[in-house]
1. State whether one or more residues within region 78-85 are buried (at least 20 other Cβ atoms within 10 Å of the Cβ) and not in a strand (DSSP E or B).
2. For region 127-145, which positions are among the aliphatic types (A, V, I, L, M) and farther than 28 Å from A284 by Cα?
3. Got at least one residue in region 113-135 being small (G, A, S) and surrounded by fewer than 19 Cβ atoms within 10 Å (Cβ to Cβ)?
4. Within region 288-308, restricting attention to residues that are among the β-branched types (V, I, T) and modelled with pLDDT of 95 or more, which residue is surrounded by the fewest Cβ atoms within 10 Å (Cβ to Cβ)?
5. Out of the strands (runs of 3 or more DSSP E) lying entirely within region 183-255, which hold 3 or more residues that are surrounded by fewer than 21 Cβ atoms within 10 Å (Cβ to Cβ), in contact (Cβ under 8 Å) with a residue 12 or more places away in the chain and under 21 Å from the mean Cα position of the chain (by Cα)?
6. With respect to D189, determine if the residue is of a type outside the set (S, T, N, Q) and within 29 Å of G83 (Cβ to Cβ).
7. When you scan region 4-18, how many residues do you find that are surrounded by 12 or more Cβ atoms within 10 Å (Cβ to Cβ), touching a residue at least 12 places away in the same chain (Cβ under 8 Å) and not aliphatic (A, V, I, L, M)?
8. Test D319 against the criterion of being open to solvent by 50 Å² or more (accessible area, probe 1.4 Å), over 27 Å from N73 (Cβ atoms) and in contact (Cβ under 8 Å) with a residue 12 or more places away in the chain, and give yes or no.
Amino acid sequence: MRQIRELTVDEVDQSIDISANAYPGMELSNRANRIRYRERLNQLELDPAVHSYGLFEDGEMRGVMRWFDFTMNFFGAQVLVGGLGGVAVDLLHKKEKVAAEMVRAFLQHYKEAGSSLVALYPFRPDFYRRMGFGHGTPMYQYRFLPASLPKGPTKADLVFLEKADSERLRACYERYFQRTHGMMARQSDYWDRILNEPTIKVVGLVRDQYVSGYLVFTFEDGRHDNMLSHSISLREMVYDMAEDLNQLLTFLHTQADQSETISYCTQDDSFFYTLRDPRSNPGAMLPHVIAHESSIQGLGIMYRVLDVPRLFEMLEDHDFNGVSCRVQFEVEDSFLPENGGSTVVAFVDGRARLAPEATPEVRLSLDVADFSSLVMGAVGLGKLVEYGLAEVSDADYLGRLERLFSGPKPVCLTQF
């Protein structure tokens, strides 16, 4: 008989064994790495928003996972979003639907908690897409010369931030969270942990006693035969205004004499416009055309809708771009069948309300994975229709339906 429950303190070491075998790249067989990982788990256990679960069969642990209670900016509304991470299955019990059962329990938990959305970073996108998760905004890795960045008139407001600055740093992130769709709120102690890590550097722009922008970065080793060779790995860049960005980029520009390259992973697909030379790998060309490699794209975060009617109730104050239309959403959900079916929504001057008795003007049919990407703003409806992933009953309504879901793509800086 199978049971899914929270792990006890005495079961943490066994959960690490399962994770070590599931993710050999974490090198948890190394004693130092295991100790650091155990300490990190101890920190997570102190966070009331993080929950470690295991699947047990006849009392034996078969798989583990972590649930995160996130608050996400969903088009301006702050909503509960469940995060799933650390999914690992005992090697001896793979292909026994352990992971599927754990994911289903996760979905049911957050649906019962009142959430209509969950998110995760997939170990395999196709695996989770079959469970109804849709792609979010892609990640782009840029690698460029520091001197390619613009050099502004000053960087006089920049300082290294220390633990005493954690509250001002938190406030800067909070402002970005408040104005950016897709962002997750962070716990108050997050910045204490970052500022206590000696390998992580945080440079902030301090103006009028508050932090109006910051960079989080580490140094990477360069050539193995040259101790002076290294690069910068830019982990995060947040700012309030264009003037703040100018000083941050100027700081990075001035590292040209010490750092060979800068690598930057971001969901900003236009960042290359800041670069004098946007080539990420000089000499690398895409085949058949004269096109220079400027970044490497990866698919990361995925989203899933748990409750279609509740989703639109959450967005009652959202402006769907002034569109008026009665839409019947036909959502196919084979993994969570109770979430599938028909939902009629009346949009009046951009405001949505459930209208189960209304006669729809148009029907939109699609799988829950693509519906999730659509409502998050990660993909346009026109492309889903073009690719045969969505069907509109009346083509004359396509433009209006596209405007319904037109908006900013989601941005997420939180790893879990």
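1. No, region 78-85 has no match at all.
2. M131, the sole residue that qualifies.
3. We begin by selecting, within region 113-135, every residue small (G, A, S); these are 113-116, 119, 132, 134.
Applying the additional criterion that residues be surrounded by fewer than 19 Cβ atoms within 10 Å (Cβ to Cβ) yields 113-114.
Within region 113-135, one or more residues are small (G, A, S) and surrounded by fewer than 19 Cβ atoms within 10 Å (Cβ to Cβ).
4. Looking at the filtered set, the residue picked out is I296.
5. 230-239
6. Judged against the criteria, D189 is a match.
7. Of the residues in region 4-18, 3 are surrounded by 12 or more Cβ atoms within 10 Å (Cβ to Cβ), touching a residue at least 12 places away in the same chain (Cβ under 8 Å) and not aliphatic (A, V, I, L, M).
8. In short, no.
The values are calculated or read from the model by the stated rules, or taken from the named source; none is laboratory data. Please read these numbers as outputs of a predicted model, since none were measured by experiment. Note: ideal-geometry Cβ built from the backbone for every residue, glycine included; neighbour counts use all protein chains shown. Just the protein is used for accessible areas: all its heavy atoms, side chains included, with ligands, DNA and RNA removed. Shrake-Rupley method; radii C 1.70, N 1.55, O 1.52, S 1.80 Å.
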